[in-house]
Structure formats: C-alpha cells, structure tokens
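First up is the structure itself, then whatever we jot down about it.
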Amino acid sequence: MPQSKRIPFWRSLRTKFAMTYLIIVAAVLVLLNTYPVLVSQNLAYRSKQTSMLNQASVLASALATGPEALTAEGAARTVELLLGSLGATRVVVTDPAGRVLCDVEEGSQRTDTEGRLALFWEVVTALRGNNAFRSDYLDGAFYSRAAVPVTYRSMTQGAVYLYEYDAEQGAMLQGIQRNLRTISLVIALVTLAMGVVFSQTLTRRIARLLGAIRTVREGEYSHRVSVRGGDELSRLADEFNELTGRLQTTEEVRRRFVSDASHELKTPLASIRLLTDSILQADHMDVDTAREFLTDIGDEAERLTRITEKLLTLTRLDTARDVQTVPVEVAPVARRVEHMLAPLARAAEVSLELDLEEGCVISSTEDDLYRVIYNLTENAVKYNLPGGKVWVTLRSDGDWVTLTVEDTGVGIPEADLPKIFDRFYRVDKARSRAAGGTGLGLSIVRDTVRQHGGAVSARRREPEGTCFTVRFPRLSGEEGGT
Ligand code: ADP
C-alpha cells in the first residue's frame, strides 16, 4: 500500500501561504514606516527653503541701500535691527570677496570671525549672484543654511548667510515615526495571529480531505467528507463525494456482476460434476442411460460456452471506446435473422412476419446490428406460445430509424419491465433456462444500441405479449454514401 509521504516544510501549502502573507505585510509595513516620514521631511525642507530665503532676501535688501560698499558697522546695525524678525541661529554678512563683515550667533556678535573669509558653499554661490539653500536632517534636528547676494543695481556688494538649527520640527517628525512604529507593531502582531489561525484552519481542512481520499483509496467507498465554508475546498469535497458515490455504484455493480457470473457458471459445472459422478459410481450402466447422461453433459457444456461468449461480448462492449462503424442497411440484416430463426419458430409453432422499409441506413457494424435484432426476435419466439405471432417492423421517420419486435407471447409483468435489461435478470428463471437463456441477451442489446447512439425500450402489448422498440440515428444518403 503506498504510504503518503510527508510534504517537506518548505514545500507545504501552509508555508507558501505564510511566506506570501509575510512578504506582503512586511512590504506594507516598510512603506508605512518610510513614505509618510519622507513626505513630511520633504514638506519641512520646502517650507524652510521658502522662509529662510525670504528672510535672507529681506536682510539683503535692507543692506543694499546705496552704491557705497558695505561696512562692518552698517551691516551690524541692520542685522541688529532685523534680528528679532529672523528665525536664524546665526547671521553672517560678507563683502563681495567673501570676507566676514558681521557675524551674529544666537543674538550676540562674534568678533573672532570678522575679516576672515567665509568660504561656505552657500556664500560662494550667493557671491556669484545666485540664491543657495541646503538643509540636512540629522538625529532629529534640521540643520539649514541659506545665502543670497546683496545687490544694488545688479552690482554684488556682498552676501547674507543664514544658519538655522531646528529641533522642534525634528521632534515632531520623530514623534510621527514613533507612532508609525507602534501602529506597525500592532498590525504585524494582529496579522501574524490571523495568519496562524488562517493557515491552521486551511491545513486542517486540507488534511480532512486528504484523510477522506486515503480512506476511499483503502476501499471504504461509503465514506463521505464534509468540509464547510462554501469555498473552493468545500466544492472540492462535494465533487469528491460525488465521485466516491459513483465509484461505490460502479463497485457494487461490479461485485454483483462477478457474483452473478460465478453463480451462473457454477450451476452448469455442478450439473456436469453430478452427471459424471453418477456415471462413475454406477457399476453397470447400460449404453442408452450413459448416452443420455453424456448428452446432458454436452448440453451443460454448451450452456457454459453460451454464457462465457455472452460475458465476453459484454466485456468487449464495456471496454470498447472508439468502435469502427460503417453505414449498414437494416432490412437485409433483419431478413438474415428471420432466415436463421425460421427453424426455431417452426418448432415453437410461432409465425414470424416481417414488414421492412427499404433504404433505412444506420451507422453501426453488421455484427452488432445482427446481434440486436437476433436477440430480440429470438426472445419473441422463445417466450411465445404455440400458435403465437411475432412481427418485426422497420420504419424511418426524420432523423431516426425505428425497429419494433412485437409478440403475442407470455408478456412481462409491469413491475419487471424496468429490470429486464439488467445483467442476469430473468422474469421466469425456469422458463429462461429451459429455453437456453442466460439473462444476458437484453443487456447486450442495450449496451450495443447505446454504443451506436440509439435507445431501446420495452412495453406491454395489448391485449397480450410484449413490444420492444429500438431507435437508431438515421444516416442520410450523403453520409452513408448510398
Ligand atoms: P434470456 O437469455 O433469459 O432470454 P434476456 O436478457 O434476453 O435473457 O431476457 C431477460 C428476461 O426478460 C428473460 O429471461 C425473460 O424473462 C424476459 N423477456 C425477454 N424478452 C421477452 C419477451 N419477448 N416476452 C416475454 N419475456 C421476455
């Protein structure tokens, strides 16, 4: 018995689901932690750029009052005047060469830098006539620098440089970051818990299905599985139950067939055994009695042959899928059957009448069609009464060819009609046996007719007897090539 192998952890559906889930959640969390912070940083940068360049420009216009060069005292005065309205931590004013004229830091004048070159990148840019701005966010604080040229009638007289250290906005940003981290942690924990519950439920449901499949594989065809949820898995379970139901039916039919077939084969074999024992045990058997016994043995052997032949035909019908068919005209085949059965009909004192429409062509094989008509007509003769009648009629209407075999025989009780096409089913076992029947004839008829796209049915005939009707799809002239 093949044992189910354990699925490696990394291959299991659960791991695949969990990994996908984790990757998606991680991506969302990374995005949640970076994007808002980046946007806020960018916003702060832009607002600082605008406000600091504006402040620097106001100071620069206040400094550029005339064509005279800037002086250290003039610059210090103007800076002092405007310092209150500037948010900068350090203000530097330089001459056109970049030498410091005035340097005020946190409200007080720095004298150590006066006259030195202030060669910051921003100052150099401003002295070239352009505004410059730079802001860095480091350890929760913004370090921003802005510089603009001091111009009078397009003459560069110097530069104004502002420096600002801002921890307030930085703290705000850090607060946002902290909050986002807490939210992310909560989301991660909740999704993790949900993921574990989801994947365990999924695994449990799949395991239930797998368990059911294994049980059925062991031959327990009555086993059914119930997977709730109304999703694909429960649909799978429904389909599985449906499949198992069919398997169960097929298995039951197969078992019954095998047991019926064994029983049918056992009966003639037992008779043969009994007859041979009788011959062997008789001390002095006269030739006539021995011949009688041997004739019986021969009859039983013939019966065995008939049963096995019919079983083989049924098996062939069961397994054959694509049968090579040819256009077959029905009337000549029916006449051949009549010719073969005429002696039997004469012996049974039954008259056989044919009323056949010519030109009815179907897609089949001669042998199959012969078998169908032969079985039905033979039954009509076999289950008839002396002086009875059998009519074989052939008609075509539209797309169908209809063959009816009617008789005035013993008839079939209404209750037995649905079962007579079952294998080994016989209404009157003794009569069937006496007539050399096997109970397989009508099953063969039904299977053969179905294989060629037709249908067969039986009904009681009024006032007596039975009527069998077979319908085959009709082949038109072009299709049949006739
Ligand atoms: P069998 O070999 O016993 O004839 P069939 O499968 O041909 O087996 O028929 C099944 C049973 O149906 C027969 O045993 C018989 O009882 C009944 N049956 C079939 N055809 C007729 C008929 N024309 N009239 C009455 N009974 C019939």
Report task. Using the Karplus curve 6.51 cos²θ - 1.76 cosθ + 1.60 with θ = phi - 60°, work out ³J(HN,Hα) for each residue of the stretch 421-431 in order, rounded to whole Hz, and write x for Gly and Pro. Result -> 8, 6, 5, 6, 7, 9, 6, 10, 4, 5, 5
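Please work out the average accessible area per residue across the stretch 10-158, using the 1.4 Å probe convention, and give it in Å².
Averaged over the residues of the stretch 10-158, the accessible area is 57 Å².
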Query raised in the report: For the stretch 164-216, what is Rg from Cα atoms divided by 2.2 N^0.38 Å, rounded to two decimals?
Result: 2.30
Query raised in the report: Suppose every K and R has +1 on its Cβ and every D and E has -1 on its Cβ; what is the size of the dipole of the stretch 9-145 about the Cα centre, in Debye to the nearest 20?
Result: 1140 debye
Query raised in the report: Under a point spin-label approximation (7 Å from Cα along Cα-to-Cβ), what is the E242-D355 distance to one decimal in nm?
Result: 4.6 nm
Report task. Please give the calculated 222 nm ellipticity per residue for the chain, where each DSSP H segment of at least 4 residues contributes -39500 (n - 2.57) and the sum is spread over every residue; nearest 500 deg cm²/dmol? Result -> -19000 deg cm²/dmol
Report summary line: Simple SL model, points at 7 angstrom along Cα→Cβ for V190 and R256; separation in nm is 5.9 nm
**Report entry** Computed magnitude of the charge dipole of the stretch 322-480 (debye, nearest 20; Cβ of K, R +1, Cβ of D, E -1)
**Finding:** 780 debye
Query - Dipole magnitude of the chain about its Cα centre (Cβ charges: Lys, Arg +1; Asp, Glu -1), debye to nearest 20 - result: 1740 debye
**Report entry** Whole-angstrom Cα spans of the stretch 88-172 along principal axes, big to small
**Finding:** 42, 27, 18
**Report entry** Rounded FRET efficiency, nearest 0.05, which uses the C-beta distance separating K16 from V197 and R0 of 25 Å
**Finding:** 0.90
Report summary line: Listed by chain and number, the residues whose amide H is under 5 Å from that of V401, excluding neighbours fewer than 5 places away on the same chain and using placed H, are F472, R474
Requested in this report: Enumerate the amide H contacts of Y152 below 5 Å, restricted to partners 5 or more residues apart or on another chain; note that Pro and chain-start residues carry no placed amide H.
Outcome: Q157
Requested in this report: Pairs of lysines 8 or more apart, or on different chains, with alpha carbons under 29 Å: count those in the chain, would you?
Outcome: 14
Report summary line: With the charge dipole of the chain built from beta-carbon charges (+1 for Lys and Arg, -1 for Asp and Glu) about the Cα centre, the Cα from V25, L247, L119 projecting farthest to the positive end belongs to L119
Query - Label-to-label distance, nm, for residues given as V124 and V323 (7 Å Cα→Cβ offset) - result: 9.9 nm
Requested in this report: For T113, put the label point 7 Å out on the Cα→Cβ axis and report which residues of the stretch 60-99 keep their amide N under 12 Å from it.
Outcome: 89-94, 99
Query raised in the report: With all protein chains present, how much of the accessible area of the chain (probe radius 1.4 Å) comes from carbon and sulfur, to the nearest whole percent?
Result: 56 percent
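For W121, what charge total do you get from the other residues with a beta carbon under 9 Å from its beta carbon, if Lys and Arg give +1 and Asp and Glu give -1?
Local charge sum for W121: +1.
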Query raised in the report: How large is ³J(HN,Hα) for each residue in the stretch 357-366, as worked out from phi by the Karplus curve 6.51 cos²θ - 1.76 cosθ + 1.60 (θ = phi - 60°), to whole Hz, x for Gly and Pro?
Result: 7, 7, x, 8, 10, 10, 9, 6, 10, 4
Query raised in the report: Taking the convex hull of the alpha carbon atoms in the chain, what volume per residue do you get, in Å³?
Result: 315 Å³
Report summary line: With R₀ set to 41 angstrom, the calculated FRET efficiency between the beta-carbons of E106 and L32, to the nearest 0.05, is 0.60
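Beyond 18 Å, how much of the Cα-Cα pair distribution for the stretch 15-173 remains, as a whole percent?
Beyond 18 Å sits 61 percent of the P(r) for the stretch 15-173.
Quick one: accessible area per residue over the stretch 236-313, 1.4 Å probe, rounded to a whole number of Å²?
Accessible area per residue, the stretch 236-313: 70 Å².
The values are calculated or read from the model by the stated rules, or taken from the named source; none is laboratory data. Owing to the predicted nature of the structure, the values given are computational and were not obtained by experimental measurement. Every residue, glycine as well, gets a Cβ built from its backbone with ideal geometry; the counts of neighbours run over all protein chains shown. Accessible surface is based on the protein model in full, side chains and every heavy atom, while ligands, DNA and RNA are left aside. Shrake-Rupley method; radii C 1.70, N 1.55, O 1.52, S 1.80 Å.
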